[in-house]
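The values are calculated or read from the model by the stated rules, or taken from the named source; none is laboratory data. On a predicted model such as this, the values are computed, not experimentally measured, just so you know. Here the Cβ is made from the backbone with ideal geometry for all residues, glycine too, and neighbour counts use every protein chain on show. Areas reflect the complete protein model, heavy atoms only, side chains present, ligands, DNA and RNA absent. Shrake-Rupley method; radii C 1.70, N 1.55, O 1.52, S 1.80 Å.
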Amino acid sequence: MNAVTLKEKKNISYKSCFDVIGPVMIGPSSSHTAGALAIGLVANKLFKGLPKRVVVKYYESFAETHKGHGTDFAIISGILGFATDDSRVPDAIKIAESQGIDITFLEESGDSPVGHPNTADIYLEDDSRSIRTVGISVGGGLIKVKHIEIDGFSLNPQGSLPIMIAISSRNNLELELRRIFKKYEVDINNSTNLEKDGKYLYQFDLDSQLSGEARKELENLSDIANIIIL
Amino acid sequence: MYMSIKEIVEAANEKQVPIYELAIKQEMEVTKSTFDEVWAKMEKNLETMENAVKRSVEGDGVFSPTGLTGGDAVRIKKYLESGKSLSGDVMMRGVQGAIGTNEVNAAMGVICATPTAGASGTIPGVLYTIKETLQLSREDQIHFLFTSALFGMIVANNACIAGALGGCQAEVGSASAMAAAAAVEAAGGTPEQSAHAFSTALQNLLGLVCDPVAGLVEIPCVKRNAVGTANALVAADLALAGVNNLIDADEVIDAMYRVGRQMPRELRETGLGGVAETPTGIAIRNKILGKE
């Protein structure tokens, strides 16, 4: 696998007022409930659809306190695609199980593999495919994504969202993607290109949220690439 | 983006604008949003806070699924109405708002994280009481939240706001300092006075550990928010009285971060230290989680 990583800009985690006054959410913990839901949502966006089997590994503070904080139903809510203030959040596990999803939670006793006390490692699969993502909940509902496995690729992003991933059989998408970011004035903090078995993955760590129009233009590429916006 | 409190104070003085204007302008620029979009979002946050306080005193109050917390906002409201409170109506109204909000949070109700859910009562508590004292309009209250937010972003980007990283000082401590700074501005104080209030409030809660019983955001979290609110009101009053602080706010943020790094894992939201490890704390954990 060939990897090219370019670090393009300094990373600030909390860019919006609403990262510290917000989110509006179902209690009881922003890092263990809202943040956990956000990590589940990353898995949902990577998998695109409902899995048959979910395995969640918890580390450190997540491992010690996930039961009390509702971390379990929060992560499953994310995997189901619920919003943080969706009233179905506390019932997510029942809802998932009623749809035939097999769920396992594991409390790991060692240190977090990515060096953060609020770490969750989520694995989703069905009969034909699987994804894995390791997320950390840094406080106030904000998360970082430290590791992703998808389509045989393995990624270690800087962490802050948004992250845009395109997977395609075409090796010439980078300029087109950069053109769209430039058009909508979205700065790129970091970018990585990977190649494996004739497939190409383009990953961009972005500095600001994408507008609805920018998203639409990216999603228009869906017929030639699997477009994932985290 | 503003990355220090010093920069905020200097910009507010240089441009002769309130801090909330700096916050709104930065938000519009960074998130490429319109004024109306940014305003509507903060208004929704305010409504969420108001609804939580309101819900906390309906009937007998709200109770968490474990039954460990709940109903205290109703008790405080009744006590307040008796007119006999020692710390006075203004203080106890703030305490009622703070505890009520965190009771709703523990009951898995809808709240606004400020900056976290565990600390979600501190800022609404201050706002709930000073809106009466200072006769704040709805617009003023939204301004208060923008000012709180700008100060909060400095803490979040230079230190941390997660109990798992920095203990409760990073959560209720940060919230209390944010509220103190915003309360000073709402009361007509200067940007420097806001910074002094911020510094005092955060210093007073330096070293506060995160030790949730059974890992739940209930004991001692709910009452810590009452103290966060009270501390913010005291710090704001001190600054407005002209009592200054020799240690500047940015340095206190750095100190908070260092103290957090020095805290053992047991005292950073693992439920393995502090009041969580008292005999009663352990008994509660065993009962609820069925361990050992």
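Restricted to the stretch B:89-128, and to residues that are more than 10 Å from chain A (Cβ to nearest Cβ) and over 14 Å from the mean Cα position of the chain (by Cα), which residue is farthest from B:ASN225 (Cα to Cα)?
Start the filter on the stretch B:89-128 by keeping residues that are more than 10 Å from chain A (Cβ to nearest Cβ), which leaves B:89-100, B:121-122, B:124-128.
Checking which are over 14 Å from the mean Cα position of the chain (by Cα) leaves us with B:89-93.
Values: B:ASP89: 17, B:VAL90: 16, B:MET91: 13, B:MET92: 12, B:ARG93: 13 Å.
Checking each candidate, the answer is B:ASP89.
Considering the stretch A:20-44 alone, what residues qualify as being modelled with pLDDT of 95 or more and either open to solvent by 10 Å² or more (accessible area, probe 1.4 Å) or assigned to a loop (DSSP other than H, G, I, E, B) (or both)?
Hits for the stretch A:20-44 are A:VAL20, A:ILE21, A:ALA38, A:LEU41, A:ASN44.
Pairs needed: first member in the stretch B:151-168, aromatic (Phe, Trp, Tyr); second member anywhere, in a helix (DSSP H, G or I) and open to solvent by less than 10 Å² (accessible area, probe 1.4 Å); C-beta distance under 7 Å; at least 6 residues apart or different chains.
Short answer, once both residue conditions are applied: B:PHE151/B:ILE5; B:PHE151/B:ALA177; B:PHE151/B:MET178; B:PHE151/B:ALA181; B:PHE151/B:PHE198.
For the stretch A:45-87, how many residues are within 12 Å of chain B (Cβ to nearest Cβ) and outside any helix (DSSP H, G or I)?
Total meeting the criteria: 8.
State which residue is nearest to the other protein chains (Cβ to nearest Cβ) when the search covers only the stretch A:116-139 and only residues that are small (Gly, Ala, Ser) and not in a loop (DSSP other than H, G, I, E, B). Write out each step before concluding.
Narrowing the stretch A:116-139 to residues small (Gly, Ala, Ser): A:120, A:128, A:130, A:135, A:137, A:139.
After this cut, where a residue has to be not in a loop (DSSP other than H, G, I, E, B) as well, the list is A:120, A:130, A:135, A:137, A:139.
On the way: A:ALA120: 12, A:SER130: 29, A:GLY135: 14, A:SER137: 7, A:GLY139: 3 Å.
Checking each candidate, the answer is A:GLY139.
Quick one: A:ASN193 ticks every box in (1) open to solvent by 60 Å² or more (accessible area, probe 1.4 Å); (2) in a strand (DSSP E or B) bar one, so which box is it?
(1)
Would you pick out the residues in the stretch A:88-108 that are out of contact with any helix residue (DSSP H, G or I) (no Cβ under 7 Å at 6 or more places or on another chain) and either β-branched (Val, Ile, Thr) or in a loop (DSSP other than H, G, I, E, B) (or both)?
If the condition is that a residue be out of contact with any helix residue (DSSP H, G or I) (no Cβ under 7 Å at 6 or more places or on another chain) and either β-branched (Val, Ile, Thr) or in a loop (DSSP other than H, G, I, E, B) (or both), then A:GLN99, A:GLY100, A:ILE101, A:THR104 are the ones that fit.
With the structure loaded, tell me whether B:ILE142 is within 14 Å of another protein chain (Cβ to nearest Cβ), surrounded by fewer than 24 Cβ atoms within 10 Å (Cβ to Cβ), in a helix (DSSP H, G or I) and not polar (S, T, N, Q) or whether it fails that test.
Numbers: within 14 Å of another protein chain (Cβ to nearest Cβ): yes; surrounded by fewer than 24 Cβ atoms within 10 Å (Cβ to Cβ): yes; in a helix (DSSP H, G or I): yes; not polar (S, T, N, Q): yes.
So B:ILE142 fits the description; yes.
Here's a check for you: in the stretch B:18-27, which residue that is within 10 Å of another protein chain (Cβ to nearest Cβ) and among the aliphatic types (A, V, I, L, M) is farthest from B:GLY152 (Cα to Cα)?
B:ILE24
I need a count of the residues in the stretch B:59-84 that are open to solvent by 80 Å² or more (accessible area, probe 1.4 Å) and in contact with an Asp or Glu (Cβ under 9 Å, 6 or more places away or on another chain). First the steps, then the outcome.
Just the residues of the stretch B:59-84 that are open to solvent by 80 Å² or more (accessible area, probe 1.4 Å), to begin with: B:60, B:63, B:65, B:75, B:78-79, B:81, B:84.
Subsequent filtering for residues that are in contact with an Asp or Glu (Cβ under 9 Å, 6 or more places away or on another chain) retains B:63.
Matching residues across the stretch B:59-84 total 1.
Which ones in the stretch A:140-153 are part of a strand (DSSP E or B) and in contact (Cβ under 8 Å) with a residue 40 or more places away in the chain?
Narrowing the stretch A:140-153 to residues part of a strand (DSSP E or B): A:142-150, A:153.
Within the stretch A:140-153, A:LEU142, A:ILE143, A:LYS144, A:VAL145, A:ILE148, A:ILE150, A:PHE153 meet the criteria.
Counting only residues that are touching a Ser or Thr at 6+ places or on another chain (Cβ under 8 Å) and open to solvent by less than 30 Å² (accessible area, probe 1.4 Å), which one in the stretch A:78-115 is nearest to B:ALA164 (Cα to Cα)?
A:SER112
Do you know which residues across the stretch B:38-58 are in a loop (DSSP other than H, G, I, E, B) and either open to solvent by less than 10 Å² (accessible area, probe 1.4 Å) or in contact (Cβ under 8 Å) with a residue 12 or more places away in the chain (or both)? Let's see the steps before the verdict.
So the first thing to find is which residues in the stretch B:38-58 are in a loop (DSSP other than H, G, I, E, B), and the list is B:57-58.
Answer for the stretch B:38-58, where residues must be in a loop (DSSP other than H, G, I, E, B) and either open to solvent by less than 10 Å² (accessible area, probe 1.4 Å) or in contact (Cβ under 8 Å) with a residue 12 or more places away in the chain (or both): just B:VAL57.
Restricting attention to helices (runs of 4 or more DSSP H) lying wholly within the stretch B:155-219, give those where 3 or more residues are within 10 Å of another protein chain (Cβ to nearest Cβ). Spell out how you get there, then give the answer.
Values: elements: B:163-166, B:174-186, B:191-204.
Output list reads B:163-166, B:174-186.
Among the residues of the stretch A:144-157, which ones are open to solvent by less than 40 Å² (accessible area, probe 1.4 Å) and not hydrophobic (A, V, I, L, M, F, W, C)? Outline the logic, then answer.
First pass over the stretch A:144-157, keeping only residues open to solvent by less than 40 Å² (accessible area, probe 1.4 Å): A:145, A:147-148, A:150, A:153, A:155, A:157.
Listed by number, the residues that qualify are A:HIS147, A:PRO157.
Considering (1) more than 14 Å from every other protein chain (Cβ to nearest Cβ); (2) on the phi > 0 side of the Ramachandran plot, say which one B:LYS15 fails and leave the rest.
(2)
Please go through the stretch B:251-274 and give me each residue that is part of a helix (DSSP H, G or I) and either in contact with a Lys or Arg (Cβ under 6 Å, 6 or more places away or on another chain) or within 14 Å of chain A (Cβ to nearest Cβ) (or both), ordered by number.
Of everything in the stretch B:251-274, those that are part of a helix (DSSP H, G or I) and either in contact with a Lys or Arg (Cβ under 6 Å, 6 or more places away or on another chain) or within 14 Å of chain A (Cβ to nearest Cβ) (or both) turn out to be B:ILE253, B:MET256, B:TYR257, B:GLY260, B:ARG261, B:ARG265, B:GLU266, B:LEU267, B:GLY274.
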